[in-house]
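Quick notes on the structure that follows.
Derivation of every value follows stated rules applied to the coordinates shown; laboratory data play no part. From a predicted model like this one, the values you see are computed outputs, not experimental measurements. Backbone-built Cβ (ideal geometry, glycine too); neighbour counts: all protein chains shown.
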Amino acid sequence: TSSGPLLGSRRGWEGLAPEIARFKSQYAVAYRAHHQDVHQSLPAYIRDLEAARRKMDAHSLLNALPELGEPTGDGLFEDLGVIDPGPSPCRTDPDVLDLDAVPGCPSCQLSLGWSIPEEELARLVSAIDGVLEDKNRRLSNLLVERVLEGNNDQRLGEFITIVQASDLSALSNTLNEELLAFIRQL
């Protein structure tokens, strides 16, 4: 703001000092809470953003197969590329920030106005999941057709084994000491 109206005020600088102190105090409380909230949520956001990038890379590779139809997902790479990755992870304790000297964290440079673009990422993830599911469905249909036709190509069997081994998410449902011993032997 311009200092002109402040200097012309009947209250003068002395009258504004308590208001300025109150503002600084409220800002410090808001900034510290914001810093803590953002950095608690940041690891999950970064994990989701990286997962979306991996899915988009896989989709791009599947788009290169003409047998799976026309390329899809136009613009999703660009949208994902411009989404804000956020500040660098920060371990600074918000309570030790000297906000009188610097109005933000000198380590991560987080501004009070920045927030995790969760809605934007959720929209993109949904769109990416949709186009990837479509390509996966087409690929699955092609492979099932080959199996039903009695295709004895050894590479098809190897491919199916690779796909099964690449998704171990259900392992937690059956993992016990005996299976763990088997895995150790592998």
| said: With a cut-off of 8 Å between alpha carbons and a minimum separation of six or more residues, what is the relative contact order of the chain in percent? | reply: 25
| query | Once fully extended, how much extra length lies between Glu14 and Ala101, figured as 0.36 nm per residue of separation less the alpha-carbon to alpha-carbon distance? | reply | 29.2 nm
| remark: Asserting the computed 222 nm helical MRE of the chain (DSSP H runs at least 4 long, -39500 (n - 2.57) per run, divided by residue count, to nearest 500) equals -22000 deg cm²/dmol
| said: Between helix 12-63 and the chain, what is the angle of the helix's C-alpha long axis to the longest principal axis, kept within 0 to 90° and rounded to the nearest 10? | reply: 10
| Point-to-point label distance, Arg91-Glu70, nm (Cα→Cβ direction, 7 Å offset) | 5.2
| Computed FRET value (nearest 0.05) for Ala122 with Ala33, which takes r as the C-beta separation and R₀ as 35 Å | 0.90
| Which is farthest toward the positive dipole end of the stretch 42-140 among Pro85, Leu68, Gln109, measuring Cα position about the Cα centre, with Cβ charges +1 (Lys, Arg) and -1 (Asp, Glu)? | Leu68
| request: Can you tell me how much longer the chain between Arg184 and Asn141 gets when fully stretched, taken as 0.36 nm per residue apart minus their C-alpha distance, in nm with one decimal? | output: 12.0 nm
| task | Rank-order 154-165, 131-142 by packing density, defined as the average count of other C-beta atoms within 10 Å over each peptide's residues, highest first. | result | 131-142, 154-165
| message | If I fit a long axis through the Cα atoms of helix 154-166 and take the longest principal axis of the Cα atoms of the chain, what angle between them do I get, 0 to 90°, rounded to 10? | response | 30
| query | Which of the peptides 88-101, 40-53 is most tightly packed, and how do the rest follow, going by the mean number of other Cβ atoms within 10 Å of each residue? | reply | 40-53, 88-101
| request: Evaluate the charge dipole of the chain about its Cα centre and quote only its size in Debye, nearest 20, assuming +1 on the Cβ of each Lys and Arg and -1 on the Cβ of each Asp and Glu. | output: 620
| query | If you count, for each residue, the other Cβ atoms within 10 Å and average over each peptide, how do 67-75, 170-178 line up from highest to lowest? | reply | 67-75, 170-178
| request: Round to the nearest 10 and give me the degree value, 0 to 90, for the angle of helix 118-148's Cα axis relative to the longest principal axis of the chain. | output: 0
